[in-house]
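Please read the structure below before turning to the comments.
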Amino acid sequence: MHRPFDESVRPHPTGDLPGPWYEGGEPDPATVDPLVLGALLDRHGWRRRGGAPGRYTRWTPPGHAAGGTSLLVPESRSFPDCEDLLGEALTALARSAVPSAREVLVGLTVPSDEIRWWRDVPQGPSGAAAWTVQEQLRAAARQMLMAAALATRARAGYYGARHRRQAQASLEGVLVGPAPGGRSLTAFVPVQSGRAVVVRLYHALQAAREAADYQRATGGMEAFDAAVEAGVSRELTEAIIALVRGAEGARIALEWSPAEGVPQGCAPRNEPVEFSPGDLPALREAGARYLQDEPSVPVRITGTVVRLRRSGPRGEGSVRLRVLAGAEVPHVRVALDEDSYRTAGHAHLVGLPIRVVGRLESRGGFRRLTDASNVVPVQVDESERDRLMKSLQENLDFFEEACQGE
(Lines give C-alpha, C1' and ligand atoms only; values in the text may rest on other atoms or scores of the structure.)
Protein backbone atom coordinates (compact mmCIF):
# COMPACT_ATOMS: atom_id res chain seq x y z
CA MET A 1 0.00 0.00 0.00
CA HIS A 2 1.36 3.41 -0.91
CA ARG A 3 1.35 6.03 1.84
CA PRO A 4 0.36 9.60 1.10
CA PHE A 5 3.16 11.95 0.11
CA ASP A 6 2.61 14.06 3.23
CA GLU A 7 3.54 11.27 5.65
CA SER A 8 7.24 11.68 4.94
CA VAL A 9 7.36 15.18 3.45
CA ARG A 10 5.57 17.81 5.47
CA PRO A 11 4.08 20.95 3.94
CA HIS A 12 5.65 24.07 5.40
CA PRO A 13 3.22 26.39 7.20
CA THR A 14 1.49 29.29 5.53
CA GLY A 15 0.01 32.45 7.00
CA ASP A 16 1.07 33.55 10.49
CA LEU A 17 0.93 30.17 12.23
CA PRO A 18 4.25 29.00 13.64
CA GLY A 19 5.49 25.52 12.81
CA PRO A 20 8.35 23.20 13.77
CA TRP A 21 10.69 24.95 11.32
CA TYR A 22 9.56 28.41 12.39
CA GLU A 23 9.80 28.37 16.18
CA GLY A 24 9.39 31.78 17.75
CA GLY A 25 8.36 33.58 14.55
CA GLU A 26 10.99 35.12 12.28
CA PRO A 27 14.59 33.83 12.16
CA ASP A 28 16.87 35.58 14.66
CA PRO A 29 18.62 38.51 12.87
CA ALA A 30 21.68 37.83 15.01
CA THR A 31 22.16 34.44 13.33
CA VAL A 32 21.42 35.45 9.73
CA ASP A 33 24.32 35.80 7.31
CA PRO A 34 23.59 38.71 4.92
CA LEU A 35 25.39 36.89 2.10
CA VAL A 36 23.13 33.86 2.56
CA LEU A 37 20.03 36.06 2.58
CA GLY A 38 21.18 37.77 -0.63
CA ALA A 39 21.89 34.42 -2.31
CA LEU A 40 18.41 33.12 -1.40
CA LEU A 41 16.71 36.28 -2.64
CA ASP A 42 18.58 36.01 -5.94
CA ARG A 43 17.69 32.29 -6.26
CA HIS A 44 14.00 32.97 -5.80
CA GLY A 45 13.79 35.73 -8.37
CA TRP A 46 14.13 38.88 -6.27
CA ARG A 47 15.80 41.72 -8.12
CA ARG A 48 18.80 43.64 -6.91
CA ARG A 49 18.27 47.35 -7.56
CA GLY A 50 21.34 49.18 -6.37
CA GLY A 51 21.76 50.49 -2.83
CA ALA A 52 24.74 52.08 -1.10
CA PRO A 53 27.93 50.41 -2.40
CA GLY A 54 29.85 48.70 0.38
CA ARG A 55 26.99 49.18 2.86
CA TYR A 56 23.70 47.61 1.73
CA THR A 57 21.78 46.44 -1.33
CA ARG A 58 18.14 46.98 -2.23
CA TRP A 59 15.97 43.99 -3.34
CA THR A 60 12.47 44.01 -4.82
CA PRO A 61 10.12 41.02 -5.30
CA PRO A 62 9.94 39.15 -8.62
CA GLY A 63 8.28 41.31 -11.27
CA HIS A 64 7.89 44.22 -8.82
CA ALA A 65 8.02 47.80 -10.06
CA ALA A 66 11.15 49.75 -9.21
CA GLY A 67 9.34 52.16 -6.90
CA GLY A 68 7.55 49.54 -4.80
CA THR A 69 8.25 47.94 -1.43
CA SER A 70 11.82 46.70 -1.12
CA LEU A 71 14.25 45.10 1.31
CA LEU A 72 17.49 46.66 2.46
CA VAL A 73 20.10 43.96 3.06
CA PRO A 74 23.53 44.86 4.49
CA GLU A 75 26.48 43.59 2.49
CA SER A 76 28.18 42.25 5.61
CA ARG A 77 27.80 42.11 9.36
CA SER A 78 30.43 44.86 9.68
CA PHE A 79 27.83 47.44 8.63
CA PRO A 80 26.88 49.35 11.84
CA ASP A 81 23.09 48.92 11.48
CA CYS A 82 23.36 45.37 10.15
CA GLU A 83 21.14 43.67 12.73
CA ASP A 84 18.44 46.34 12.53
CA LEU A 85 18.30 46.14 8.73
CA LEU A 86 18.19 42.34 8.85
CA GLY A 87 15.36 42.44 11.40
CA GLU A 88 13.34 44.80 9.21
CA ALA A 89 13.99 42.64 6.12
CA LEU A 90 12.92 39.44 7.89
CA THR A 91 9.75 41.08 9.21
CA ALA A 92 8.90 42.31 5.72
CA LEU A 93 9.44 38.82 4.31
CA ALA A 94 7.23 37.25 6.99
CA ARG A 95 4.43 39.70 6.17
CA SER A 96 4.85 39.51 2.40
CA ALA A 97 2.18 37.84 0.26
CA VAL A 98 4.82 36.89 -2.33
CA PRO A 99 5.14 33.05 -2.30
CA SER A 100 8.93 33.21 -2.69
CA ALA A 101 9.23 35.25 0.52
CA ARG A 102 8.19 32.22 2.55
CA GLU A 103 10.65 30.04 0.67
CA VAL A 104 13.48 32.45 1.50
CA LEU A 105 12.52 32.26 5.19
CA VAL A 106 12.55 28.47 5.08
CA GLY A 107 16.06 28.51 3.62
CA LEU A 108 17.23 30.86 6.38
CA THR A 109 15.61 28.99 9.25
CA VAL A 110 16.51 25.46 8.17
CA PRO A 111 19.65 25.38 5.97
CA SER A 112 18.29 23.26 3.14
CA ASP A 113 19.06 22.01 -0.33
CA GLU A 114 16.10 22.66 -2.61
CA ILE A 115 14.57 20.28 -5.13
CA ARG A 116 12.03 21.69 -7.55
CA TRP A 117 9.81 19.70 -9.90
CA TRP A 118 7.88 21.10 -12.87
CA ARG A 119 5.31 19.36 -15.06
CA ASP A 120 4.23 20.85 -18.38
CA VAL A 121 0.47 20.30 -18.21
CA PRO A 122 -2.45 22.27 -19.68
CA GLN A 123 -3.49 25.26 -17.61
CA GLY A 124 -6.99 25.24 -16.15
CA PRO A 125 -9.40 28.13 -15.54
CA SER A 126 -7.68 31.10 -13.90
CA GLY A 127 -4.45 29.14 -13.72
CA ALA A 128 -5.91 26.39 -11.52
CA ALA A 129 -4.91 22.75 -11.90
CA ALA A 130 -7.08 19.65 -11.65
CA TRP A 131 -6.94 17.78 -8.34
CA THR A 132 -5.49 14.72 -10.07
CA VAL A 133 -2.71 16.82 -11.64
CA GLN A 134 -1.60 18.09 -8.23
CA GLU A 135 -1.80 14.63 -6.69
CA GLN A 136 0.24 13.10 -9.50
CA LEU A 137 2.97 15.69 -9.03
CA ARG A 138 3.14 15.16 -5.28
CA ALA A 139 3.14 11.37 -5.56
CA ALA A 140 5.89 11.37 -8.19
CA ALA A 141 8.03 13.74 -6.13
CA ARG A 142 7.63 11.53 -3.08
CA GLN A 143 8.61 8.44 -5.09
CA MET A 144 11.70 10.21 -6.37
CA LEU A 145 12.84 11.26 -2.90
CA MET A 146 12.28 7.73 -1.62
CA ALA A 147 14.30 6.27 -4.52
CA ALA A 148 17.20 8.60 -3.70
CA ALA A 149 16.98 7.78 0.01
CA LEU A 150 17.03 4.05 -0.78
CA ALA A 151 20.14 4.54 -2.93
CA THR A 152 21.99 6.07 0.02
CA ARG A 153 21.52 2.78 1.90
CA ALA A 154 22.80 0.46 -0.86
CA ARG A 155 23.08 0.23 -4.64
CA ALA A 156 20.50 -2.04 -6.27
CA GLY A 157 18.46 -2.17 -9.44
CA TYR A 158 15.37 -2.99 -7.39
CA TYR A 159 14.77 -2.55 -3.65
CA GLY A 160 11.24 -3.80 -3.09
CA ALA A 161 10.61 -3.71 0.67
CA ARG A 162 14.30 -3.49 1.57
CA HIS A 163 15.71 -0.48 3.46
CA ARG A 164 12.37 1.34 3.46
CA ARG A 165 12.21 2.04 7.19
CA GLN A 166 15.62 3.71 7.17
CA ALA A 167 14.87 5.59 3.95
CA GLN A 168 11.57 6.82 5.34
CA ALA A 169 13.28 8.03 8.51
CA SER A 170 15.84 10.03 6.50
CA LEU A 171 12.99 12.01 4.86
CA GLU A 172 11.10 12.96 8.02
CA GLY A 173 12.63 16.44 8.21
CA VAL A 174 11.83 17.39 4.60
CA LEU A 175 9.49 20.33 4.07
CA VAL A 176 7.44 20.94 0.96
CA GLY A 177 5.85 24.04 -0.50
CA PRO A 178 3.57 23.81 -3.54
CA ALA A 179 3.58 26.62 -6.07
CA PRO A 180 0.32 28.14 -7.36
CA GLY A 181 -1.27 26.31 -10.26
CA GLY A 182 -0.28 22.77 -9.31
CA ARG A 183 2.43 22.49 -11.98
CA SER A 184 5.48 22.79 -9.71
CA LEU A 185 6.55 21.70 -6.26
CA THR A 186 9.55 22.52 -4.07
CA ALA A 187 11.07 20.33 -1.38
CA PHE A 188 13.42 21.74 1.25
CA VAL A 189 15.78 19.00 2.40
CA PRO A 190 17.70 19.90 5.60
CA VAL A 191 21.41 19.66 4.97
CA GLN A 192 22.12 18.11 8.37
CA SER A 193 19.91 15.07 7.84
CA GLY A 194 19.29 14.91 4.11
CA ARG A 195 22.23 16.16 2.06
CA ALA A 196 23.30 12.60 1.19
CA VAL A 197 19.85 12.05 -0.33
CA VAL A 198 20.08 15.16 -2.51
CA VAL A 199 23.63 14.36 -3.64
CA ARG A 200 22.55 10.84 -4.58
CA LEU A 201 19.54 12.22 -6.49
CA TYR A 202 21.84 14.66 -8.30
CA HIS A 203 24.08 11.87 -9.60
CA ALA A 204 21.19 9.48 -10.30
CA LEU A 205 19.23 11.97 -12.40
CA GLN A 206 22.29 12.82 -14.47
CA ALA A 207 22.96 9.11 -15.02
CA ALA A 208 19.32 8.39 -15.92
CA ARG A 209 19.29 11.24 -18.44
CA GLU A 210 22.51 10.03 -20.07
CA ALA A 211 21.31 6.41 -20.13
CA ALA A 212 18.01 7.38 -21.76
CA ASP A 213 19.89 9.39 -24.39
CA TYR A 214 22.20 6.45 -25.08
CA GLN A 215 19.27 4.03 -25.41
CA ARG A 216 17.39 6.33 -27.77
CA ALA A 217 20.51 6.81 -29.91
CA THR A 218 21.76 3.21 -30.02
CA GLY A 219 18.96 0.98 -28.73
CA GLY A 220 21.35 -0.46 -26.11
CA MET A 221 20.59 -0.75 -22.40
CA GLU A 222 24.19 -0.99 -21.17
CA ALA A 223 24.17 2.57 -19.85
CA PHE A 224 21.23 1.76 -17.57
CA ASP A 225 23.17 -1.20 -16.17
CA ALA A 226 26.12 1.06 -15.33
CA ALA A 227 23.77 3.75 -13.93
CA VAL A 228 22.85 1.55 -10.96
CA GLU A 229 26.13 2.55 -9.32
CA ALA A 230 25.06 6.20 -9.56
CA GLY A 231 21.77 5.44 -7.80
CA VAL A 232 19.42 4.64 -10.69
CA SER A 233 16.91 1.90 -9.86
CA ARG A 234 13.49 0.63 -10.80
CA GLU A 235 12.11 2.87 -8.06
CA LEU A 236 13.71 5.94 -9.68
CA THR A 237 12.59 5.04 -13.22
CA GLU A 238 9.04 4.52 -11.91
CA ALA A 239 9.16 7.94 -10.24
CA ILE A 240 10.30 9.66 -13.45
CA ILE A 241 7.60 7.83 -15.43
CA ALA A 242 4.97 8.97 -12.92
CA LEU A 243 6.22 12.55 -13.22
CA VAL A 244 6.17 12.60 -17.03
CA ARG A 245 3.03 10.51 -17.68
CA GLY A 246 0.17 12.74 -18.85
CA ALA A 247 2.44 15.78 -19.33
CA GLU A 248 4.28 17.26 -22.29
CA GLY A 249 7.47 17.07 -20.27
CA ALA A 250 8.96 17.44 -16.79
CA ARG A 251 12.01 19.04 -15.21
CA ILE A 252 13.84 18.57 -11.93
CA ALA A 253 16.25 21.21 -10.57
CA LEU A 254 18.51 21.04 -7.52
CA GLU A 255 19.92 24.03 -5.65
CA TRP A 256 22.49 23.73 -2.86
CA SER A 257 22.09 25.51 0.46
CA PRO A 258 24.12 28.76 0.28
CA ALA A 259 24.78 28.45 4.02
CA GLU A 260 26.51 25.09 3.59
CA GLY A 261 28.10 25.40 0.16
CA VAL A 262 28.43 22.94 -2.71
CA PRO A 263 29.04 19.27 -1.87
CA GLN A 264 32.15 17.60 -3.24
CA GLY A 265 31.77 16.21 -6.74
CA CYS A 266 28.75 18.37 -7.62
CA ALA A 267 28.43 21.42 -9.86
CA PRO A 268 27.74 24.74 -8.10
CA ARG A 269 24.96 25.61 -10.54
CA ASN A 270 22.76 22.94 -12.06
CA GLU A 271 20.61 23.15 -15.15
CA PRO A 272 17.25 21.38 -14.69
CA VAL A 273 17.26 17.76 -15.81
CA GLU A 274 14.46 17.29 -18.37
CA PHE A 275 12.47 14.22 -19.38
CA SER A 276 9.81 13.93 -22.07
CA PRO A 277 7.23 11.34 -23.17
CA GLY A 278 9.80 10.15 -25.71
CA ASP A 279 11.93 8.86 -22.81
CA LEU A 280 9.18 6.65 -21.37
CA PRO A 281 9.85 3.50 -23.47
CA ALA A 282 13.51 3.45 -22.39
CA LEU A 283 12.61 4.06 -18.75
CA ARG A 284 9.97 1.32 -18.78
CA GLU A 285 12.39 -1.14 -20.35
CA ALA A 286 15.04 -0.25 -17.79
CA GLY A 287 12.60 -0.73 -14.90
CA ALA A 288 11.58 -4.16 -16.18
CA ARG A 289 15.24 -5.08 -16.63
CA TYR A 290 16.09 -4.04 -13.06
CA LEU A 291 13.18 -6.07 -11.69
CA GLN A 292 14.16 -9.19 -13.63
CA ASP A 293 17.89 -9.02 -12.98
CA GLU A 294 17.96 -8.30 -9.24
CA PRO A 295 18.98 -11.64 -7.61
CA SER A 296 17.59 -13.28 -4.50
CA VAL A 297 19.68 -12.75 -1.36
CA PRO A 298 20.93 -15.45 1.04
CA VAL A 299 20.04 -14.40 4.60
CA ARG A 300 19.82 -15.64 8.16
CA ILE A 301 16.83 -13.90 9.70
CA THR A 302 15.83 -13.54 13.33
CA GLY A 303 12.17 -12.62 13.80
CA THR A 304 9.06 -13.00 15.88
CA VAL A 305 6.16 -15.09 14.59
CA VAL A 306 3.13 -12.88 14.07
CA ARG A 307 1.00 -15.23 11.96
CA LEU A 308 0.78 -18.99 11.38
CA ARG A 309 -1.29 -20.64 8.69
CA ARG A 310 -1.76 -24.14 7.27
CA SER A 311 -4.62 -25.96 5.59
CA GLY A 312 -5.07 -28.68 8.27
CA PRO A 313 -3.96 -29.80 11.73
CA ARG A 314 -0.84 -31.48 10.27
CA GLY A 315 1.64 -30.95 7.48
CA GLU A 316 3.56 -27.98 6.17
CA GLY A 317 2.43 -24.40 6.67
CA SER A 318 3.54 -20.79 6.40
CA VAL A 319 4.45 -18.20 9.00
CA ARG A 320 4.84 -14.46 8.89
CA LEU A 321 7.81 -13.02 10.75
CA ARG A 322 8.40 -9.52 12.06
CA VAL A 323 12.09 -9.17 11.24
CA LEU A 324 14.37 -8.27 14.14
CA ALA A 325 17.74 -8.83 12.44
CA GLY A 326 19.29 -10.24 9.30
CA ALA A 327 17.39 -8.40 6.55
CA GLU A 328 16.41 -4.80 5.80
CA VAL A 329 12.68 -5.58 5.50
CA PRO A 330 9.95 -5.24 8.16
CA HIS A 331 8.19 -8.58 7.56
CA VAL A 332 8.71 -11.78 5.57
CA ARG A 333 6.52 -14.80 4.78
CA VAL A 334 8.18 -18.20 5.13
CA ALA A 335 6.97 -21.62 3.93
CA LEU A 336 7.98 -24.35 6.47
CA ASP A 337 7.82 -28.13 6.61
CA GLU A 338 5.83 -29.78 9.42
CA ASP A 339 8.69 -29.99 11.95
CA SER A 340 9.84 -26.43 11.35
CA TYR A 341 6.24 -25.17 11.53
CA ARG A 342 5.82 -26.91 14.88
CA THR A 343 9.05 -25.32 16.14
CA ALA A 344 7.84 -21.90 15.09
CA GLY A 345 4.50 -22.46 16.85
CA HIS A 346 6.13 -23.59 20.10
CA ALA A 347 8.53 -20.63 20.05
CA HIS A 348 5.60 -18.27 19.62
CA LEU A 349 3.72 -19.90 22.52
CA VAL A 350 6.60 -19.33 24.93
CA GLY A 351 7.39 -15.85 23.66
CA LEU A 352 10.62 -16.52 21.77
CA PRO A 353 11.76 -15.36 18.32
CA ILE A 354 13.11 -17.87 15.81
CA ARG A 355 16.13 -17.89 13.55
CA VAL A 356 15.82 -19.25 10.01
CA VAL A 357 18.17 -19.53 7.04
CA GLY A 358 16.93 -19.09 3.47
CA ARG A 359 16.88 -16.90 0.39
CA LEU A 360 15.08 -13.56 0.27
CA GLU A 361 13.28 -13.63 -3.07
CA SER A 362 13.21 -10.55 -5.28
CA ARG A 363 9.86 -11.63 -6.70
CA GLY A 364 7.17 -10.01 -4.60
CA GLY A 365 9.48 -7.24 -3.40
CA PHE A 366 11.82 -9.24 -1.13
CA ARG A 367 8.93 -10.11 1.18
CA ARG A 368 9.23 -13.89 0.91
CA LEU A 369 11.85 -16.32 2.20
CA THR A 370 12.37 -19.54 0.23
CA ASP A 371 14.42 -22.70 0.85
CA ALA A 372 13.94 -22.18 4.60
CA SER A 373 15.96 -24.42 6.93
CA ASN A 374 17.62 -24.55 10.37
CA VAL A 375 14.62 -23.12 12.22
CA VAL A 376 15.54 -22.72 15.90
CA PRO A 377 14.21 -20.66 18.83
CA VAL A 378 16.37 -17.75 20.00
CA GLN A 379 16.84 -16.81 23.64
CA VAL A 380 16.02 -13.21 24.59
CA ASP A 381 16.20 -11.23 27.82
CA GLU A 382 13.26 -11.30 30.22
CA SER A 383 11.89 -7.85 29.36
CA GLU A 384 11.70 -8.67 25.66
CA ARG A 385 10.16 -12.06 26.40
CA ASP A 386 7.49 -10.47 28.60
CA ARG A 387 6.64 -8.06 25.80
CA LEU A 388 6.34 -10.92 23.30
CA MET A 389 4.15 -12.91 25.69
CA LYS A 390 1.86 -9.92 26.17
CA SER A 391 1.52 -9.65 22.39
CA LEU A 392 0.64 -13.36 22.23
CA GLN A 393 -2.06 -13.02 24.91
CA GLU A 394 -3.61 -10.08 23.08
CA ASN A 395 -3.89 -12.23 19.91
CA LEU A 396 -4.52 -15.64 21.48
CA ASP A 397 -7.81 -16.33 19.68
CA PHE A 398 -6.22 -15.73 16.31
CA PHE A 399 -3.22 -17.89 17.21
CA GLU A 400 -5.35 -20.86 18.34
CA GLU A 401 -7.42 -20.65 15.15
CA ALA A 402 -4.26 -20.59 13.02
CA CYS A 403 -2.76 -23.60 14.82
CA GLN A 404 -5.93 -25.65 14.28
CA GLY A 405 -5.92 -24.98 10.53
CA GLU A 406 -8.60 -23.47 8.33
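The values are calculated or read from the model by the stated rules, or taken from the named source; none is laboratory data. As the structure is a prediction and not an experimental result, all values here were calculated from the model. Every residue, glycine as well, gets a Cβ built from its backbone with ideal geometry; the counts of neighbours run over all protein chains shown. Note: accessible area is taken over every heavy atom of the protein model, side chains too, but ligands, DNA and RNA are not part of it. Shrake-Rupley method; radii C 1.70, N 1.55, O 1.52, S 1.80 Å.
Observations on the model:
- Long-range tail of P(r) for region 207-327 (Cα pairs > 17 Å, %): 70
- Residue-normalised accessible area of region 74-194, given per residue in Å² at a 1.4 Å probe: 40
- Net dipole in debye of region 152-240 [+1 Lys, Arg Cβ; -1 Asp, Glu Cβ; about Cα centre; nearest 20]: 320
- Only protein atoms count toward the accessible area here, which uses a 1.4 Å probe; on region 282-347, the carbon and sulfur part of that area reaches 45 percent.
- Shown here for region 242-304: trypsin sites (Lys or Arg not before Pro) in loop regions (DSSP other than H, G, I, E, B) with at most 16 other Cβ atoms within 10 Å, namely Arg245, Arg269.
- Each Lys and Arg contributes +1 and each Asp and Glu -1, all at the Cβ; summed about the Cα centre of region 196-247, the dipole is approximately 200 debye.
- Local net charge near Ala212, Cβ-Cβ under 12 Å (Lys/Arg +1, Asp/Glu -1): -2
- Ranked order, Arg119, Arg162 - accessible area, probe 1.4 Å, largest first: Arg162, Arg119
- Contact order relative to length of region 190-264, as percent, for alpha carbon pairs under 8 angstrom and 6 or more apart: 31
- Dipole in debye (nearest 20) - region 209-334, about Cα centre, beta carbon charges: Lys, Arg +1; Asp, Glu -1: 1240
- Sorting Ser373, Ser193 by solvent-accessible area of protein heavy atoms yields Ser193, Ser373, largest first, with a 1.4 Å probe.
- Residue-count net charge about Ala151 - beta-carbon cut-off 9 Å; Lys, Arg +1, Asp, Glu -1: +2
- Difference of contour (0.36 nm per residue) and Cα-Cα distance, Met221 to Asp28: 64.3 nm
- Region 66-213 - percent of accessible surface contributed by carbon and sulfur, probe 1.4 Å: 51
- Label-to-label distance, nm, for residues given as Asn270 and Arg333 (7 Å Cα→Cβ offset): 3.9
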